[in-house]
Every structure is written in structure tokens, then in C-alpha cells.
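Written out below as C-alpha cells is the structure these notes cover.
The values are calculated or read from the model by the stated rules, or taken from the named source; none is laboratory data. The shown structure was predicted, so the numbers you read here are calculated from the model rather than taken from an experiment. A quick note on method: Cβ atoms are made from the backbone with ideal geometry, for glycine too, and the neighbour counts reach across all protein chains shown.
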Amino acid sequence: MSANRWWGRPATTLAACVARGELSAEQAVESGWEAASTWEGDVHAVAHADATVRARAARTAPPGPLRGVPVIVKDNLCTAGDYPTTCGSRILAGYRAPYDATVIRRLRAAGAVLTAKGNMDEFAMGSSTEFSCYGPTRNPYDLTRVPGGSSGGPAAAVAYGLAPLGLGSDTGGSVRQPAAFCGVFGLKPTYGRLSRYGLVAFGSSLDQVGLFARHAGDVALLYSLLAGPDLRDATTRASPPPDVSAWDRGVKGLSFGWPENLWREGVEPEVVAALEEAAACLERAGARRVAFDFLPGTYAVATYYLVATAEASSNLARFDGVRYGPRAPSTDVWSLYVRSRSQGFGPEVKRRILLGTYALSAGYYDAFYLKAQRARTRIRREYQAAFGRCDFMLLPVAPTLAFRLGEKTTDPLAMYLSDIFTIGANLAGIPGLAVPLGLAGSGLPRAVQLVGPEDSEPTLLRAGRALEVRGEVARLGREHETEFPWPMKR
């Protein structure tokens, strides 16, 4: 039986077929690699892969709800014994972690097969997956455009069919934005619901492992398997995670916020049109629209890029050429540090380390970092006040559709502003879900973002499913389709 028969099926379908003996775990895994042989050479979503490793993992996958289901994970999640963990950086070239991240351990226990490590912006610092030592990843809908970032590799791979599920990390939108650009679902859970143990840190108070899938039900399944307390991560929540089993219950009786002031300027018309379509769909499904003004996102951008760079400066101090990765030739310790870091880090990482070190330096700490922390508290309170008026908010994911490769690499501010609608959720520690909404006239994916209060993942998934099932999203949600409804542009 050709593995191609199973290409594009949901994870739940693949797992059920493996459990019934209709196909083997090896066939389930290789179905994606048949697709990869067509797309991967141009898209470049994969940083590390090994056919022998994945075949062995498929043969030995234990029984579980994801047995035989291939999953691609971002290159900043530690994986022991099979693939390197390099964070897309020369400073970690060849590094192999001695342990599995908690989410990886839980994936393996559920029977999933790690099929590859996905390409990413170096140390998760970027919004386009162009800042990688392995070269850029391209958008599978249009090879002249970016897949978003920093988790662009897993997003693009899930979009073109390498795997039905993917893991990324979201510090300021790095799961939701690439999910939107690539036309898949992307969930950033509530801070502390998925363990960060084994996730290489960028901004510790902002980082959260996030999920990619082509179907809302697959997001719910993956969340239910990975969420929960972890003694190895003191920031995980001790209480049980919310139950997402009612993800397809509908939205009747729910209310959604409509902060239209956020997209009156600087947002592409096709993005606004997607918001209007999504709002109309939710209203037809029984939800109620609540219009109000919301704190402008520009405050969030300034706050985020002080907090995130300060934490990055501290977290990346450990990469000094002594403990990890290659070591530059030197005659003394000082030159060892300087040469190893200068040669190992790329331009965007260096930029953010310098910004963060400056913000934390004597004489500037109060003026920058502490002020940013006070602003963060204000932003969190603004979200809390908004959710006193609605169950969740409907927002853009980004001001534009997927932009062209190279368009923003020389303009850091323009690149940072592409996260203007996503960083607020990270600052507030609340969940956000990117939901695909079909294709624009240009053939590029459109999407909207659903944001809710802490532990509102069940509500967000219900709303995401309402959009999916009512035909307002791309046809990726139909289980009977084995091929994707788009041509790859060259």
C-alpha cells in the first residue's frame, strides 16, 4: 500500500488506523516523507532528519493515542539520542542534548514519532525564519515569501504535509504568526501549562511551547497529552490543565471582543476582511460581538522588546565556547569568550544581546527594564478588564499577509512590528490561537487570532472549530481529502 494514501490525514485518523492495523506506524511516518520528496528541497523546513532514526522510532513506538503519528519539532527542544539541538545557531553546531524535553518525553510516551527537527530563526529571535545558520525556510504557498518565524520550519512542514503535528516555541508570536502565514492552526497555551524543561531559553517569563496542526481536533488532542505540571519546571502550574474534550461543542452563548481601533491604520485590507468574515461566522454560530477600544499595541511592542532582550542577554550568557558547541582558538579566557561568541552568534542575536545588556546596565536599569515591567503589569490589567466584557477577543495575527524574503531583514523595527498583535498574549501569560481562514486573492493564507483569559484554551478551540466547520477556513479541515488544495508557486 502506498504511503501517499495517508498523506494529509489528521493525526487522529492516522492514529486510529494504526491502532486498527489498517497501516503500520512505519507507513504512517513515511506518508509525510513521500510528500517531503516533492516540497522539502524548495521549502527547506527541516534542519535535521535521519531516515534510520525515524524508521527505528516508528518500529519501537509504544502503544498510545499517537502511536505512529509523525511530529516535527523545533530545533530548540532538546531531543536525546536521535537529533542534534542547535537552535539554528553556529554556536551550538553538532550539540546533542543528554536528555529529552518534557514535552518530547510525553510525545514519545504517547507513541508519537519524532520525524525531524524543524528550521528556526537563531535562538528563536526573528519573525521570518531567515536568521538561521542553515539558511532561510520558504513559504510553501509562495517560495518568494517567508513562512513567518521564529518557528517557520515546523509551520511550513505541517502545512505541506510532512507531519500532521508540530511543536514550536512562542515568545512573542513565534507559533501563531508562522501558523497564520502557512495556513495551519497554531496554539500558544497559557503560560505554565506546558513544561519549558528542555526548551532552550530565550525569554524565560515569555517562552511557551506551542502547537501546530492542520485540524482543530488535533490541536485539542495534542494539548491534552502535553499539558500538565512538571516537577522539573518550577513555572508550570500545579493545578490540572483545563479539559479541552468539548472542543467541538460550538460557540452558542459565548461573546467575543471586537477592538476595531487596533486595525484602523497600518493593517492590510485582506487582513481586515478576514476579521470581518470570522466575526460574521461566529455570529451565525451563536456568538455575540462586543465592540470596545483596547490598549494600542505600540505600548506592547516597546515593553516586549525591553523585557525579552533583557532576559535574552541573561539566558545567552551561558553560550561562551566553554560549555557548549565549538570553541574558537584563543590564548586566554577573555579572547575565548569574545571570539567564540562573535563567530558563533548571528546578527539578530547579537543585536538583541546588546539591547538587553544596555537595558540592564547601571544607570539604565530603572529607566528601561523596570519601566517595562510596570508597563507589562498595565498591559496584563488591560487584558483582564477586556475579558470582564467578553469571553475571548478576535484579533489579527499580523498586520500583513506573508511578506517577501529579504523585505525586512535590513529594517529591524519593521520586522519587530510584525509581532504587534501577538506579543500582548505573551506579556500577559494568556493563550492565543491562530486559525486559518482560507486563501486571499493573492493565493496567500489568511488567518485570525483568538485570545482569551488564562486557561481559556477550551473556549478558543471551540471558536476555532466553529470557524473550521462552517467552511470559513481553508479546506484543510476535511478528513476525506488526501491532497492539499493549493499549487506550490515557483
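How about segment 335-430: which helices (runs of 4 or more DSSP H) wholly inside it have at least 2 residues that are free of Cβ contacts under 8 Å to residues at least 40 places away in the same chain and surrounded by fewer than 20 Cβ atoms within 10 Å (Cβ to Cβ)?
Details: elements: 347-360, 371-386, 412-417, 423-428.
Of the helices (runs of 4 or more DSSP H) lying wholly inside segment 335-430, those with at least 2 residues that are free of Cβ contacts under 8 Å to residues at least 40 places away in the same chain and surrounded by fewer than 20 Cβ atoms within 10 Å (Cβ to Cβ) span 347-360, 371-386, 412-417.
Could you check how many residues of segment 292-312 are buried (at least 22 other Cβ atoms within 10 Å of the Cβ) and without any contact (Cβ under 8 Å) to a residue 40 or more places away in the chain?
Final tally of qualifying residues: 0.
For segment 250-263, state whether one or more residues are out of contact with any Asp or Glu (no Cβ under 7 Å at 6 or more places or on another chain), under 23 Å from residue 208 (Cβ atoms) and of a type outside the set (Ser, Thr, Tyr).
Filtering segment 250-263 for residues out of contact with any Asp or Glu (no Cβ under 7 Å at 6 or more places or on another chain) gives 250-253, 257-258, 260, 262-263.
Subset that is under 23 Å from residue 208 (Cβ atoms): 257, 262.
Among the residues that remain, those that are also of a type outside the set (Ser, Thr, Tyr) are: 257, 262.
The answer is yes; a qualifying residue exists.
For residue 67, state whether it is surrounded by fewer than 19 Cβ atoms within 10 Å (Cβ to Cβ), among the basic types (Lys, Arg) and either over 24 Å from residue 320 (Cα atoms) or more than 22 Å from the chain's Cα centre (by Cα) (or both).
no
Between 307, 290, which is touching a Phe, Trp or Tyr at 6+ places or on another chain (Cβ under 7 Å) and at pLDDT 95 or above?
Step by step, each of 307, 290 is checked, and only 290 is touching a Phe, Trp or Tyr at 6+ places or on another chain (Cβ under 7 Å) and at pLDDT 95 or above.
Is there any pair with a first residue in segment 142-164 that is at positive phi and touching a residue at least 12 places away in the same chain (Cβ under 8 Å) and a second that is among the acidic types (Asp, Glu) and not in a helix (DSSP H, G or I) whose Cβ atoms are under 9 Å apart and which are 6 or more apart or on different chains, and what are they?
Close Cβ pairs (under 9 Å, with a partner that is among the acidic types (Asp, Glu) and not in a helix (DSSP H, G or I)) amount to 161/483.
Every residue in segment 9-32 that is crowded, with 22+ Cβ neighbours inside 10 Å and either of a type outside the set (S, T, N, Q) or within 25 Å of residue 245 (Cα to Cα) (or both), please.
Once the filter is applied, which keeps residues that are crowded, with 22+ Cβ neighbours inside 10 Å and either of a type outside the set (S, T, N, Q) or within 25 Å of residue 245 (Cα to Cα) (or both), segment 9-32 yields 9, 10, 11, 14, 15, 18, 25, 28, 29, 30, 32.
Can you go through 275, 282 and tell me which one is within 17 Å of residue 422 (Cα to Cα), surrounded by 13 or more Cβ atoms within 10 Å (Cβ to Cβ) and either in contact with a Lys or Arg (Cβ under 9 Å, 6 or more places away or on another chain) or of a type in the set (A, V, I, L, M, F, W, C) (or both)? Reasoning before the result, please.
Details: 282 fails: within 17 Å of residue 422 (Cα to Cα).
Exactly one of 275, 282 is within 17 Å of residue 422 (Cα to Cα), surrounded by 13 or more Cβ atoms within 10 Å (Cβ to Cβ) and either in contact with a Lys or Arg (Cβ under 9 Å, 6 or more places away or on another chain) or of a type in the set (A, V, I, L, M, F, W, C) (or both), namely 275.
Please specify each residue of segment 391-425 satisfying the condition of being over 16 Å from the mean Cα position of the chain (by Cα) and under 30 Å from residue 466 (Cα atoms).
Across segment 391-425, the qualifying residues are 391, 392, 393, 394, 395, 399, 400, 401, 403, 417.
So in segment 204-246, with the set limited to residues that are hydrophobic (A, V, I, L, M, F, W, C), under 20 Å from the mean Cα position of the chain (by Cα) and more than 28 Å from residue 308 (Cβ to Cβ), which one is surrounded by the fewest Cβ atoms within 10 Å (Cβ to Cβ)? Give the steps one after another, and end with the answer.
Initial filter on segment 204-246 (hydrophobic (A, V, I, L, M, F, W, C)): 206, 209, 211-213, 216, 219-222, 225-227, 231, 234, 238, 244, 246.
Checking which are under 20 Å from the mean Cα position of the chain (by Cα) leaves us with 206, 209, 211-213, 216, 219-222, 225-227, 244.
Imposing the further condition that a residue be more than 28 Å from residue 308 (Cβ to Cβ) reduces the set to 216, 220-221, 225, 244.
On the way: 216: 27, 220: 27, 221: 25, 225: 18, 244: 21.
The selected residue is 225.
Out of all the residues in segment 259-291, which are without any contact (Cβ under 8 Å) to a residue 24 or more places away in the chain, of a type in the set (Asp, Glu) and part of a helix (DSSP H, G or I)?
276, 283
Would you please name the residue that is surrounded by the fewest Cβ atoms within 10 Å (Cβ to Cβ), looking only at residues in segment 247-265 that are out of contact with any helix residue (DSSP H, G or I) (no Cβ under 8 Å at 6 or more places or on another chain) and small (Gly, Ala, Ser)?
253
So in segment 109-130, with the set limited to residues that are free of Cβ contacts under 8 Å to residues at least 60 places away in the same chain and in a loop (DSSP other than H, G, I, E, B), which one is surrounded by the fewest Cβ atoms within 10 Å (Cβ to Cβ)?
Out of the qualifying residues, it is 112.
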